[in-house]
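The values are calculated or read from the model by the stated rules, or taken from the named source; none is laboratory data. Keep in mind that what you see is a predicted model, and the values were worked out from it rather than measured. Don't worry about glycine lacking a Cβ; one is built from the backbone with ideal geometry, like all the others, and counts go over all protein chains shown. Protein only, heavy atoms only, side chains kept; ligands, DNA and RNA dropped before computing areas. Shrake-Rupley method; radii C 1.70, N 1.55, O 1.52, S 1.80 Å.
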Amino acid sequence: MLKALWSLCVLLLASFGAGAQPAGETVRLPTFSRVAAATSPTFQDPPVIVSQHGVAFVQIFAAASGSGTPAFVYEGSFGVAPTVRVNPGDTIKFQYFNYLPSGTPTVMNMTNLHFHGLRVSPLPGSDDVLDTLAAPGQILNYSVLIPANHPPGLYWYHTHPHGETNLQTGEGAMSGAIVIEGLQTHLPVLATMTERILVIRAPLGAGKIDPTIIRRHRLWTIAPPGQPPSACANGPDTAHTLTVNGYVVPTIGIAPNEAQLFRVVNATGQRTLDLSIPTETLYIVALDGVPLDTYPGSPSMLAVRHIVVPPAGRVEFVVYGPPQETPLMTSCYYTGPVGDPDPAAILAWLRPPGGLQREARPVALSPLRVNPLPRNWLSTALPPPAQERTTVFSENAAGTQFFIDGKQFTPGEPPRFIIKSGTVEEWTVLNETNEIHDFHIHQVHFIVEAINGLPLPPPYFWYDSFIIPYQTKNADGTTTPGSLKLLLDFRDPVIKGTFVYHCHLLDHEDKGMMATIAVK
Ligand SMILES: [Cu+2]
């Protein structure tokens, strides 16, 4: 039925870009085969689309459930988003059909796609979120050329219509993973491991949780060491349910000592994750899609007990199967006096697969064989910054309006900064509010030089999303803004055009915390 409707709509409604009018046709919503956030006993990878002859062709729909929740539809299944796997040099072609019901003044139901973290052109037809929008009934065609020297790693796609990004991506879970291949070539030891893609979302709704899962929660202290769970001062998140690939607390099969590669994207609207597997070490190999050792002198692997992943961030790590059933969990993350709740929660259970209790022979991670990465701007040492800038994140007292440099984003506004392509810039990002924000810039990656004035010495890692700390109150009653000092890389000639930076707590972005820059 979807296919028939699709053909009909292709005939009726091919259009592209801003300003095109909805066709005004009334279309019947199809019956979808299953809903997101169902409880699953076992972990499931999303369906996969692999590039063929240099092209990955992806056809997805935006549609709404009976209650009006927007979601992707892939091959007739509601709430399903395929993982797109391509090689550097390939092209991803997305055909995206807005099948949402006609908009209203309060919910316009416009939609589009952003290819988060990819170092690709920001022009219309590629990764443009400013002028490329589909009204209900319209189709968008994207052709995103991945440069031949693109870093291998985990990226993602999600919708980005200003004003309704949280409704669609945060609460409606309209997101999917993109893998740029090559990490296993760079670190051959990974090639022998089972790979798991984990898209963590927090859609709206209480969800259904198996009571046996609640019982098992009690076996673990889901709070940072020394703190009871109730100490998570921002309280519980009663509005959303954390899911992994659309499922609530799935079980991941892993034999004791078996090494697996977990590739995790935080696709939630506003949940900062502090990930850990309590008995195990996480061996990180990539952050925000970039192999750890990309910047000259940085290590290939970093052993940690936990890792903070802000909304939109990615982490890729090796973990060994624990000796007994153990959770993949997030600990309480304090988001500031007026911040969103980020309580501790169990995301998934790690358990030996049925009947296979036998220990695996552990794969040795040391000495680590390393093949060279593609040479690109991120692997080239940074020159001194050509320009210093300061940008300020703020909000009104009611938390209903959010600003960058005192302005709420308005479509069509002139760029905040004009940046010279080929340069590196040093930005001081200030947070003058009592909650964290999540700095994200499209197209480019950055290095964090300092947090709240404290220098972060090498090794340097590249990020595209990073928490800006909340402001602190001084003894004399004054406040000191939270701050990040960043080095942003505008050297890649592919990245020319007008694009945005914003808070990736998506309701903040919707309420104005976004600005444009033009790279020329
Ligand atoms: Cu924010």
(message) Condition first: within 29 Å of Ile441 (Cα to Cα) and open to solvent by 20 Å² or more (accessible area, probe 1.4 Å). Can you find one or more residues in region 317-331 that meet it?
(response) no
(message) Just to be sure before I move on: is Phe490 out of contact with any Pro (no Cβ under 6 Å at 6 or more places or on another chain) and over 24 Å from Ala267 (Cα atoms) in the structure I sent?
(response) yes
(message) Suppose we filter Tyr96, Tyr142 for residues that are closer than 18 Å to Ala173 by Cβ, free of Cβ contacts under 8 Å to residues at least 60 places away in the same chain and within 20 Å of the chain's Cα centre (by Cα); which single one remains?
(response) Tyr96
(request) For region 96-133, enumerate the residues that are more than 14 Å from Pro70 (Cα to Cα), open to solvent by 50 Å² or more (accessible area, probe 1.4 Å) and of a type in the set (S, T, N, Q). (result) Thr104, Thr106
(request) State all residues of region 440-469 that are within 15 Å of the ligand (Cβ to nearest atom) and under 17 Å from Val315 (Cβ atoms); if no residue qualifies, say none. (result) His440, Ser465, Phe466, Ile467
(request) With the condition kept exactly as written, say whether any residue in region 313-326 is under 30 Å from Val120 (Cβ atoms) and in contact with an Asp or Glu (Cβ under 7 Å, 6 or more places away or on another chain). (result) yes
(message) What's the number of the only condition in (1) within 16 Å of the ligand (Cβ to nearest atom); (2) in contact with a strand residue (DSSP E or B) (Cβ under 6 Å, 6 or more places away or on another chain); (3) modelled with pLDDT under 95 that Phe402 fails to meet?
(response) (3)
(message) Condition first: near the ligand (Cβ under 10 Å from one of its atoms), open to solvent by less than 20 Å² (accessible area, probe 1.4 Å) and touching a Gly at 6+ places or on another chain (Cβ under 8 Å). Now tell me which residues in region 477-519 satisfy that.
(response) Leu505, Leu506
(request) Determine whether Val285 is in contact (Cβ under 8 Å) with a residue 40 or more places away in the chain, assigned to a strand (DSSP E or B) and either touching an Asp or Glu at 6+ places or on another chain (Cβ under 6 Å) or open to solvent by 30 Å² or more (accessible area, probe 1.4 Å) (or both). (result) yes
(message) With the structure loaded, tell me whether Asp127 is under 21 Å from Asp464 (Cα atoms), of a type in the set (Asp, Glu) and in a loop (DSSP other than H, G, I, E, B) or whether it fails that test.
(response) yes
(request) Mind counting the residues in region 418-439 that are out of contact with any Ser or Thr (no Cβ under 8 Å at 6 or more places or on another chain) and more than 16 Å from the ligand (Cβ to nearest atom)? (result) 9
(request) Please tell me if Lys407 is away from the ligand (no atom under 16 Å from the Cβ) and open to solvent by 40 Å² or more (accessible area, probe 1.4 Å). (result) no
(request) Restricting attention to region 382-412, report how many residues are among the hydroxyl-bearing types (Ser, Thr, Tyr) and farther than 14 Å from Val500 by Cβ. (result) 3
(message) For region 369-399: of the residues being within 15 Å of the ligand (Cβ to nearest atom) and within 25 Å of the chain's Cα centre (by Cα), which is modelled with the lowest pLDDT?
(response) Gly399
(request) Filter region 420-476 down to residues that are without any contact (Cβ under 8 Å) to a residue 40 or more places away in the chain and of a type in the set (Asp, Glu) and give me whichever is most open to solvent (accessible area, probe 1.4 Å). (result) Asp476
